[in-house]
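Report on the following structure.
The values are calculated or read from the model by the stated rules, or taken from the named source; none is laboratory data. For clarity, every value in this text was computed on a predicted model and none was experimentally measured. All Cβ positions, glycine included, derive from the backbone under ideal geometry; neighbour counts span all protein chains shown.
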Amino acid sequence: MNTAIKNTRSSGPGQSARTLVLIFVIIAGMSGVVSMARWLDSHRSKPDPSVEGERLYLAGQTVRRLSLAFNGLVADWYWMRALQYVGGKVLSAPAHVPLENLGQLDLRLLAPFLDTATTLDPQFMEAYEYAAIVLPEVDLLEAIRITKKGIAANPSAWRLYHHLGYIYWRQGDFQTAAEAYGQGAVLPGTPRWMEAMKARMATEGGSRDLAREIYKRIYNEPGDSTVKEMAERHLMQLDSLDQREAIRRVLTLYQSKAGRCPSSWRETEPVLRSLRLPMDSTGAPLDPAGTAYVLVNGNCDVDIDPTSLVPRK
């Protein structure tokens, strides 16, 4: 009994010492990260007007060496910087720039931010998704490279093949898109629709129905809210294209019977209602964003209102 008590007491100081050393190492590591961030901030050169004060501090591999065991934490920081960078550019633009038109902005640092984040954390799926879905509008080659880098680091992640296929599909390269979906389809745990997507790429790559399915898949996947917003806007665009085709048929039918174009939506309201299109109190059909369509070209055609959230492309 006394021996056991003695052994317990003798091990106490040693255990306490190891605990103190561990705490010191953690504190020292965190202090190192904070000091590194402060040093980087204090040694920034004067901002380049061409990038409006934005600068990527260090290359990904350099940051990875310096951040030691805190790569994930620093990767999150670069990820947030990427989102703030895009958001700042959009807000500072003279007019609202939708996500699908980011190529209009000078976003030359977006690819380096995403590349650094994924170098620090090779399993950073949200950053890869952003690179595949948002970056192509800014830098197509970098979008492909970063997505392929993600596949190399995560060869069993079927979603990355889905993202790569999406990039090629957007470029109209349906054969390469089909190959990407096919490579992902054979991975364990891959949903069956990946194989179906491979087949559909070869037969209906440019169809509206396939586009709708792709954006629904993107929207329903867990991921960044910006990516979901972009997918939602594209889905509204596709629905609007269907609606406008139906409305044009109504306008053409009215013109053939009346010998003139309608002067207002009221004249076509009964037929439009039969199509089950949403309408406002004036009889104007509403687009997927809830904004009334406008009559154009002598009132024999229809267009999206400039204030609508539905993309015009």
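Observations on the model:
- Filtered by the rule that a residue be of a type in the set (Ser, Thr, Tyr) and either in contact (Cβ under 8 Å) with a residue 60 or more places away in the chain or assigned to a helix (DSSP H, G or I) (or both), region 201-210 gives a lone residue, Thr203.
- Residue under evaluation Arg233, criteria (1) within 30 Å of Thr268 (Cα to Cα); (2) not in a helix (DSSP H, G or I), criterion not met: (2)
- Qualifying position, being more than 23 Å from the chain's Cα centre (by Cα) and buried (at least 18 other Cβ atoms within 10 Å of the Cβ), among Leu187, Leu251: Leu251
- Residues in region 299-313 that are more than 13 Å from Thr252 (Cα to Cα) and outside any strand (DSSP E or B): Ile304, Asp305, Pro306, Thr307, Ser308, Leu309, Val310, Pro311, Arg312, Lys313.
- Residues that are free of Cβ contacts under 8 Å to residues at least 24 places away in the same chain, assigned to a loop (DSSP other than H, G, I, E, B), at negative phi and not basic (Lys, Arg), drawn from region 260-298: Pro278, Asp280, Ser281, Thr282, Ala284, Thr291
This table checks each residue for (1) within 21 Å of Arg108 (Cβ to Cβ); (2) of a type in the set (Gly, Ala, Ser); (3) in contact (Cβ under 8 Å) with a residue 60 or more places away in the chain.
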{"site": "Ala131", "(1), (2), (3)": "yes, yes, no"}
{"site": "Ala153", "(1), (2), (3)": "no, yes, no"}
{"site": "Tyr161", "(1), (2), (3)": "no, no, no"}
{"site": "Gly184", "(1), (2), (3)": "no, yes, no"}
{"site": "Thr190", "(1), (2), (3)": "no, no, no"}
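- Checking each residue in region 290-307 for being more than 34 Å from the chain's Cα centre (by Cα) and over 15 Å from Glu269 (Cβ atoms) picks out Asn297, Gly298, Cys300.
- Residues satisfying the stated conditions in region 185-200, i.e. in a helix (DSSP H, G or I), under 25 Å from Glu126 (Cβ atoms) and of a type in the set (A, V, I, L, M): Ala185, Met194, Met197
- Test: residue in region 279-300 that is touching a Lys or Arg at 6+ places or on another chain (Cβ under 7 Å) and within 30 Å of Tyr128 (Cβ to Cβ): no
- Among (1) closer than 16 Å to Tyr215 by Cβ; (2) crowded, with 19+ Cβ neighbours inside 10 Å; (3) not aliphatic (A, V, I, L, M) - the single one Thr147 does not satisfy: (1)
- Considering region 117-166, the residues that are in a helix (DSSP H, G or I) and acidic (Asp, Glu) include one that is modelled with the lowest pLDDT, namely Glu137.
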